Every structure is written in C-alpha cells, then in structure tokens.
Amino acid sequence: MSRNRPYTTITSRYLWQSHWYNVRQDQLQDDAGHQITYTVIDKPDAVWIVPVTSGGDLVLIDQYRYAIDAWCLEIPSGNVEAAVEPADMAARELREEIGGVATRLDLIADFYTMNGIGTERALIFLALGVELGEPQREITEHITLKPTPVIEALDMARTGQIKDGPSALAILLCEPALRAYVAELES
C-alpha cells in the first residue's frame, strides 16, 4: 500500500559538510500549511561485516571511539564509497581493519541506523572462512582483534556487552547462519 508523503520540501541547505557526513537543514510544509524546520544528518550507506574464521571464532574488534572517549567491542565496518559495490566495500573493510580475507561473503540484512535524524543504511554481511593477515588501517583506527567463539559472541551481543548497536544487531541477525556454520565445523 502506497502512502502519500506528508511534507513538501520548500528549501534545503547544507549547514556543514565533511568527507564522512553532512548536516542538512530543510524547511518543510505539511498539507495544512504548517511549516517546520528539520535537520538531517546525510550519511552514506555503510557496511558491517560479521567475520568468522575457519576455526569458528567470530573476530570482534576492540576499537577506541573518540566521540565517547571509550573502547568499544564492534565488528568491522565502514562507509560505502560512491561507485563501489557494497560487497566490494565489505571485502575491503575486512582486509583493512582485521587483515581478513573470506572464502564466502553473504548479504544478510539491511536496516536504517538513525532514521529519526539521518539517512544512513546499514548493510550486514556475513564473512565465512576468514583467514587473518596484516591489516591496513587508517591512522584514526586504534584496534585490537578479539577472536571470540561464536556462541560467546552471540551471548555478548544479547547481554549488552557489545555496546555498539549496529554491531550487536548484525551479530544477532546472523545467528541462524552462525549456528549452522559452527555445527558444520563441529561435524
């Protein structure tokens, strides 16, 4: 069922722009003539990769996040660059952040990360058979690898030990495939 858009955009302007995201302010009008100002964070789509080694460990990363001045358990992730396919971006982020190469990379799900204030869409990939090598991190990435048994990582996501919301949700969305992969490795 199609629904009508409740607003007409009267004006739109960027308040701030950067390499990673932009802040846009729109003047809107509803069908009754009421006007409101809406501020939006324009952010490209991003990939989150749930990497699992051929030995059955889910490779978490412990990454320092300046905005909250804390270390966070996460999975590899990154913005999708213009003209780059999301699967190619996922493979690249896997190589850059953990030095990983997967034998299989599957798109599992997608969702919006902040649909009340922003445009970012998360694309969740499951990377199986990951072999670890030498990472090629950006200078802003301070990361320690934390290979963790899949069942333990699922529990960490479920109990709030993984505080990065998209990472925790990505792991939980991959749960059926993760359990099947672990069962296959154990047989």
Is the stretch 59-98 best put as rounded, prolate or oblate by its Cα gyration tensor, with a ≥ b ≥ c the root eigenvalues, rounded for a/c under 1.5, and otherwise prolate when a/b is larger than b/c, oblate when not?
oblate
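Compute the length gained on full extension between Asp26 and Phe111: take 0.36 nm times their separation in residues and subtract their Cα-Cα distance, giving the result in nm to one decimal.
Numbers: separation 85, 0.36 × 85 = 30.60 nm, distance 2.34 nm.
Taking 0.36 nm per residue and subtracting the Cα distance, the gain is 28.3 nm.
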Using a 10 angstrom cutoff on alpha carbons, build the Gaussian network for the chain and name the most mobile of Ala91, Ala153, Ala82.
Ala82
Once amide H atoms are built 1.01 Å from N in the peptide plane, which residues 5 or more positions from Trp71, or in another chain, come under 5 Å H to H?
Arg65
Using alpha carbons only, how many degrees (0 to 90, rounded to 10) separate the axis of helix 175-186 from the longest principal axis of the chain?
10 degrees
Span from the the stretch 134-171 Cα centroid across to the the stretch 25-95 one, whole angstrom:
14 Å
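Nothing charged except the Cβ atoms of Lys and Arg (+1) and of Asp and Glu (-1): what's the magnitude of the dipole of the chain about its Cα centre? Round to the nearest 20 debye. Intermediate values should be presented prior to the final figure.
Values: 15 positive and 28 negative charges, 112 e Å.
Computed about the Cα centre, the dipole is about 540 debye.
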Give me a comma-separated list of calculated 3J(HN,Hα) values for the stretch 112-117, in order, Karplus coefficients 6.51, -1.76, 1.60 applied at θ = phi - 60°, integers in Hz, x for any Gly or Pro.
8, 8, 7, 5, x, 9
Farthest toward positive dipole pole in the chain [+1 Lys/Arg, -1 Asp/Glu at C-beta], among Gly160, Thr11, Ala177:
Thr11
Estimated distance in nm for a label pair at Thr140 and Cys72, the labels positioned 7 Å out from Cα along Cα-to-Cβ:
1.3 nm
In sequence order, calculated HN-Hα J values of the stretch 70-77 (Karplus, 6.51, -1.76, 1.60; Hz; x Gly/Pro):
8, 8, 10, 6, 8, 10, x, 7
Sorted peptide list for 138-147, 39-48, 4-13, criterion being average Cβ within 10 angstrom, highest first:
39-48, 138-147, 4-13
Measure of size requested: the Rg and Dmax of the stretch 1-79, with Cα atoms as the atom set and Å as the unit; please supply both.
19.7, 61
Could you tell me how many degrees, from 0 to 90 and to the nearest 10, lie between the Cα long axis of helix 86-98 and the main elongation axis, the longest principal axis, of the Cα atoms of the chain?
60 degrees
Once you have a ≥ b ≥ c as the square roots of the Cα gyration tensor eigenvalues for the stretch 46-186, tell me rounded if a/c is under 1.5, and otherwise prolate or oblate according to whether a/b is larger than b/c.
rounded
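Given contacts defined as C-alpha pairs under 8 Å and at least six residues apart, what's the relative contact order of the chain, whole-number percent?
On the way: 387 pairs, mean separation 41.1, N = 187.
Relative contact order, the chain: 22 percent.
Taken together, the values in this text are just the output of simple stated rules run on the coordinates, not laboratory data. Please read all numbers here as calculations on a predicted model, not as lab measurements. Ideal geometry is used to build each Cβ from the backbone, glycine not excepted, and the neighbour counts take in all protein chains shown.
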